[in-house]
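First the structure, in the form of structure tokens, and then the observations on it.
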Amino acid sequence: MKRMLLLLLMLSLAFGSACGARTSAPGDSPSEELIVIGMSQVGAESDWRVANSESMKAVFSEENGYHLLFNDARQKQENQITAIRRFIQQQVDYIVLMPISESGWDSALQEAKEAGIPVILVDRMVDVEDESLYAAHIGSDFLREGTLAADWMERSFQESGDAVSIIHIQGTLGSTAQLGRTAALEAAIETHDNWELLAQLDGDFTQAKAYEVMTDYLSGFSGQRRVDVVYCENDNIAFGALQALEEQGYRCGREGVNIITFDATREALTECLNGNLSLVVECNPLLGPLVAEVIQAMEAGRTPEKHHYVEERVFTREDLTKALIERREY
Ligand code: AHR
């Protein structure tokens, strides 16, 4: 189970500060019994991401039999590739990767394969020719999430037949979450002659960027432009867009600009209950227990299913109560 503990300890000490947060204190030596996990997380761009990291850290604890080397890539793929190479040198037992974008992984994953270290993908996917470069993927069906949102738009606007004007604020370009949610909206626009895409803006899954691009866009009109839907590819984008719209005098909600969002954090559900967000599509970040299940299956010598998708639902104001939001774990 443990490979070259001394080397691991020396390398983790040597790279600890450059590698971002570690769950163990410097100087900790993992016991022989612990399964060593090298984890490369995208960053902390959104509330979803923070909840995802917390879910991982809670499960991959020493009490549960793991030694976690946690790397925060600060939204840069090159940091993730460096972390993977470091985990290979450290001879970890498993690499858990939340890939920032889909392309550019073949070499690093090939190196992990050659070192005999299984790679488990979490949240987003990678676009590689050879599927054997990863053992399993656990995450959301982002295309389905986007389709749920497009179906809601169809139901909400079908009666009037009037033009539906849409602003689309995308997440990190090239990430599976962006590609799936964008593909669903674009496919729906193709099949609805009266749906008009006013703008496609890059919100990078952050509140600050979404606020900035939305403010810039709305300031380009002398008066107000009619906007029916703002399709935001995550909750933090929705919060930035909501703030920008309100500052420019727009009314948000079912009688005004319908903001659609993905994730369903407590804060987004609260805004939905208050009437400011019209549709919240769930994207579950609490993936730690599922990842541990896959690792335990592999420890027991079983081959895990290649893809594991989590159950997700949608919320409108009518589905929500304060009690439901308080019970929510993220
Ligand atoms: O890949 C999942 C997406 O990434 C979440 O929707 C978003 O909030 C996060 O940053």
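Bear in mind that the values in this text are calculations on the coordinates, not laboratory data. Note that the structure is predicted; figures quoted are calculated from it, not measured. Quick reminder, even Gly has a Cβ in these numbers, built from the backbone with ideal geometry, and neighbours come from all protein chains shown.
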- Run down ASP106, ASP123, ASP93 and say which single residue is in contact (Cβ under 8 Å) with a residue 40 or more places away in the chain and over 15 Å from ALA135 (Cβ atoms). ASP123
- Across region 253-270, what is the number of residues that are in a strand (DSSP E or B) and among the acidic types (Asp, Glu)? 1
- Note down all Cβ pairs under 9 Å where the first residue falls in region 189-207 and is of a type in the set (Lys, Arg), the second is part of a strand (DSSP E or B) and away from the ligand (no atom under 16 Å from the Cβ), and they're at least six residues apart or on different chains. none
- Pick out the one residue from SER160, SER140, SER132, SER156 that is of a type in the set (Ser, Thr, Tyr) and buried (at least 22 other Cβ atoms within 10 Å of the Cβ). SER140
- Task: Kindly provide the set of residues from region 133-153 that are away from the ligand (no atom under 16 Å from the Cβ) and within 17 Å of THR182 (Cβ to Cβ), ordered by number.
- Result: ALA150, ASP151, TRP152, MET153
- Message: Being of a type in the set (A, V, I, L, M, F, W, C) and more than 16 Å from the ligand (Cβ to nearest atom) is the filter here; which residues of region 239-271 pass it?
- Response: ALA244, LEU245, CYS252, VAL257
- Item | Test for LEU185: is it without any contact (Cβ under 8 Å) to a residue 60 or more places away in the chain, surrounded by 16 or more Cβ atoms within 10 Å (Cβ to Cβ) and either assigned to a helix (DSSP H, G or I) or more than 12 Å from the ligand (Cβ to nearest atom) (or both) | yes
- Query: If ASP202 satisfies every condition in (1) under 18 Å from the mean Cα position of the chain (by Cα); (2) buried (at least 22 other Cβ atoms within 10 Å of the Cβ) but one, which is the exception?
  - Reply: (2)
- Query: What are the residues in region 233-253 that are without any contact (Cβ under 8 Å) to a residue 40 or more places away in the chain and charged (D, E, K, R), if any?
  - Reply: GLU246, GLU247, ARG251
- Item | Residues that are of a type in the set (Val, Ile, Thr) and over 23 Å from HIS137 (Cα atoms), drawn from region 162-190 | VAL164, ILE166, ILE167, ILE169, ILE189
- Note on the structure: Pairing a residue in region 44-60 that is within 14 Å of THR172 (Cβ to Cβ) with any residue that is β-branched (Val, Ile, Thr) and near the ligand (Cβ under 9 Å from one of its atoms), where Cβ atoms lie under 9 Å and the two sit 6 or more apart in sequence or on different chains, gives GLU45/THR172; GLU45/THR206; SER46/THR206; SER46/ILE237; SER46/THR265; TRP48/THR265; ARG49/VAL42
- Query: Looking at LEU218, LEU197, which is the one that is part of a strand (DSSP E or B), away from the ligand (no atom under 12 Å from the Cβ) and over 21 Å from the mean Cα position of the chain (by Cα)?
  - Reply: LEU197
- Which of the residues belonging to region 154-182 are closer than 25 Å to LEU245 by Cα, among the small types (Gly, Ala, Ser), within 12 Å of the ligand (Cβ to nearest atom) and part of a helix (DSSP H, G or I)? ALA177
- Item | Subset of region 271-330 (residues that are surrounded by fewer than 17 Cβ atoms within 10 Å (Cβ to Cβ) and in a helix (DSSP H, G or I)) | PRO289, GLU293, GLN296, ALA297, GLU299, GLU318, ASP319, LYS322, ALA323, LEU324, GLU326, ARG327
